[in-house]
Amino acid sequence: MPAGTAPHGAPEAGGAREGAWRRTIVARLATFALALVLPILAFVGVVLWQFGTTARERLEAEALGRARMAAAAVDRDVAGLVAILETLGLANSLQRGDVGAFRVQAEELRRRTGLEAVLRDPDGRALVDLGPAPGAPPGSLDAADEGALGGRPAVSGVVAAVPAEASRFRAVVPVLRHGANTVLYLLSFTLPVERVRSLLMAGGVPEGWVVTVVDRDDRILARTRVPERTVGALVPDSLRARATGLEGSWHGDSMEGVPVFVAYARAGLSDWRVAVGVPFEALSAPVRRSLAWFAGLGAALAALAAALALGFARRIAAPLRALRAQAEALGRGGTPAPLAGVLTEVEAVSAELARAAERQRERVVERERAAAALRAETQRLEVLNRVGTALASELDRQRLGDAVVEAATRLTGAAYGALFERRPAADGEPESWRLLSLTGAPREAFTRFGLPRATGLFGPTFRAEGPVRSGDVTRDPRYGSHGGMPEGHLAVRSYLALPVTSRAGDTLGALLFGHPEPDRFGAREEGLVAGLAGQAAVALDNARLFASVQRSQNRFAAAVQAVRGVLWTNDAEGRMSGDQPAWSALTGQAPEQYRGYGWADAVHPDDREASIANWNAAVAERRRYTHEHRVRRRDGAWRTYAIDAVPVLDPDGAIREWVGVHTDITEQRAAEAALRESNEEIQRYAYIVSHDLRAPLVNIMGFTSEIEAGREDIRAALAGRAEAARIDADLAEAVGFIKAAITKMDGLINAILKLSREGRRSFQPEPLEMTALVRGLADAQRHQADVAGAGITVAPLPGIVADRLAVEQIFGNLIDNAIKYLDRGRAGRIAVSAAVVDGQAVFAVADNGRGIEARDHARVFELFRRAGLQDRPGEGIGLAHVRTLVRALGGRIELASVVGAGTTFHVTLPLRPA
């Protein structure tokens, strides 16, 4: 080879190597692009499969979502109907039993909303019926009514009718007596099933889909497709067998036999199920269209990727080397400058690398800040944990307040914190507030200025209207309504206050926080204090409840020691158990002897069976137990005891135990027997005296008649004398006086005889329907009432067991007196009402008549005594007779009266004889 060949060949070798390097890059990119085809195609196939599956699952999920939304819509509509019924059921007219007034309210509701209310009594009899009421026959109850009688709202199933548009369903709520669990009425709406179908159609139903509502009896209540042929029909067996939970789905057939995917959800309030059916054709159609579209797109993408790889191979190489250099600088912790004048994508990556370096530095700083915040949050959680533990275990209000204020002050960063406790008005004392706990300042810093007043800033907190937060109270328009901050007060600019309210809504206190710098409290601090205020309310409620229980226990212990009788307790089933020291001291029985019904061994054999039977009846009926029987004392002597026992109830109404007392009434019964014997002797004496008085009275009447018959002879004998006219007039006047005295004396004798006969009559107790009885008495005196211009109203009265004649005489006399002594200057009103109090019926006969002076309240019940203006006929025995009858029936009578306003007689009678 010549010597000049080498220098010329060196550049050629370098060029060959460069060309080989370039060809290698191109070849690799081309090979990569071609190699991408198969993975892309595989990927597209997987994506298409996944997409098809996802599309199908999406439609199935959409079907279940529609079922849930439809169930929620049904629940909202039913809840709205129930809310309207419950609001309507709170009407005072229903508590008074004024069905007419309630009808006016129901008609106004129908006018405003179109809803037609039906009011029935607990036996199903319609009292107010403003609309159709299909379902149970009149006077009967269906399953929804039975559920409402249990004290809860209820919704019926479909009540099918022809045509289907007439099918209906009902929403029923119970109307409860205030303060009790007694169901007074059943109040309901009867609504067309088309209402439910309109709810289903409101959100739109995709073509081919069908939505069905099924009631608890597995009957179709509403359906978006051919409702006229399906409403009221039983659903297919597959739906009944599978739609048993809250929600679910399966593959099956529609009622038309079309293969469908079925999803259902259960409505919580009505317990109806909403089923959505999607045809398989609708599920697979999107999948087929997507497969075709994505197949073409995948092929196009593969071809495009190969072309781009070949076209831009050379343009990528140089920027890649520059990016490598930039990345190496970044790896060394430097800050590389972004590339310029290169491909846009490479330039973007370069710029992102530069920004990544900057963000890396920022993240370091942010991590340090986050670590500090995490440490602060950990401290807050530790404070919350400690205060939560303290509040859960502490029952002393002072220590509770100190713990809450200390924790809240630390959590909010406040300079000062205070808890003011509210003392409700009681025993004539007005409501007041006192400073319970304070932190950040001595107590004198607050107390020397007195308690906070209900200013524009403090008032909302004390009235429990919600939190009050101010960034700078000196610039707050609510501040300064009472002269601003007094001199010497703690410096406060940032202010935060929240009321402490119990679960029942009672205001227990207020939390107040301050800081001398502005804008120190935000939403986070407010939320923390709100959470603590809720915990504090529960803890303070528990503390007050604990104090109340302690006071109750102390009162009970004092009552046990103070009671004159023998105190004992039985379990909820009425069996004696546990330690009964008083009963053991009385009877000498040991615990194993009196346990269960062993106590009856100490009862007199003649009284034992009735005592056990009456006790079991009281336990079964959950009512007060009153009885009398003889008990053998530990010394062997038999003594008569009166028993009074009541059930002690838990908050949920369940009986926890029975508490009773035996009171020795041996001497009382002996005295009563002696008194009865004395009364019987007096009655016999009165009868004899009245009978003996009538004989001379008859003679006097006879002689008076003789004198009247002889007046003509006397006039003839005195004819011509100057004193004849005067003697005749004196004689006529004397005869008149004698006749008036005879009539008065005869009335008194008859009254004595009547009282004597009533005293000897034996009562015959029988069940009395008091409402009908008293209304009958009122109707019997309707003429006298109309003449007097008076109206008589009789409210529903409880039934009792008593002597019918005695009860008729009692209330007939009271109504008669009310009519006789009305005030002629105004229209008379006489009202008879009653209530059951402590197992006794308390009747009230009220009028708006003249009234009775307070000094005469007792004397009106005395025999032959009358009060007030004597312008009405009477002997003064009516109320005396009434009191005698009431006492004989085991009751009492009292009166309350205001002169010029009216009188009310209260008659208390036992519901059944003792």
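The values are calculated or read from the model by the stated rules, or taken from the named source; none is laboratory data. These figures come from a predicted structure and were not determined experimentally. We place every Cβ from the backbone using ideal geometry, glycine too, and count neighbours over all the protein chains shown.
Structure notes:
- Contacts under 9 angstrom Cβ, first residue in region 96-117 being within 17 Å of Val172 (Cα to Cα), partner of a type in the set (S, T, N, Q) and outside any helix (DSSP H, G or I), 6 or more apart: Glu116/Thr190; Ala117/Ser188
- Matching residues, region 407-423, being within 19 Å of Thr501 (Cα to Cα) and either of a type in the set (A, V, I, L, M, F, W, C) or free of Cβ contacts under 8 Å to residues at least 60 places away in the same chain (or both): Ala407, Ala408, Ala418, Leu419, Phe420, Arg423
- Filtered by the rule that a residue be assigned to a loop (DSSP other than H, G, I, E, B) and under 28 Å from Ala154 (Cβ atoms), region 228-254 gives Val231, Gly232, Ala233, Val235, Pro236, Ala243, Thr244, Gly245, Leu246.
- Within region 91-120, considering residues that are within 22 Å of the chain's Cα centre (by Cα) and part of a helix (DSSP H, G or I), the one surrounded by the fewest Cβ atoms within 10 Å (Cβ to Cβ): Asn92
- With respect to being at pLDDT 90 or above and in contact with a Ser or Thr (Cβ under 7 Å, 6 or more places away or on another chain), Val82 falls outside the description.
- Residue within region 586-600 that is outside any helix (DSSP H, G or I), within 23 Å of Thr666 (Cβ to Cβ) and modelled with pLDDT under 95 present: yes
- Residue list for region 259-285, filter: among the charged types (D, E, K, R) and either in contact with a His (Cβ under 7 Å, 6 or more places away or on another chain) or not in a loop (DSSP other than H, G, I, E, B) (or both): Arg266, Arg273, Glu281
- Considering only residues in region 800-819 that are of a type outside the set (S, T, N, Q), surrounded by fewer than 19 Cβ atoms within 10 Å (Cβ to Cβ) and in contact (Cβ under 8 Å) with a residue 60 or more places away in the chain, the one that is nearest to Leu885 (Cα to Cα) turns out to be Val801.
- Subset of region 456-479 [among the acidic types (Asp, Glu) and in contact with a Ser or Thr (Cβ under 6 Å, 6 or more places away or on another chain)]: Asp476
- Long-range neighbours under 6 Å by Cβ, at least six apart or interchain, first residue over 25 Å from Arg826 (Cα atoms) within region 888-914, second in a strand (DSSP E or B) and of a type in the set (Phe, Trp, Tyr): Val907/Phe843
- Strands (runs of 3 or more DSSP E) wholly inside region 729-846 containing at least 3 residues that are modelled with pLDDT of 90 or more, under 28 Å from Gly902 (Cα atoms) and not aromatic (Phe, Trp, Tyr): 790-794, 828-837
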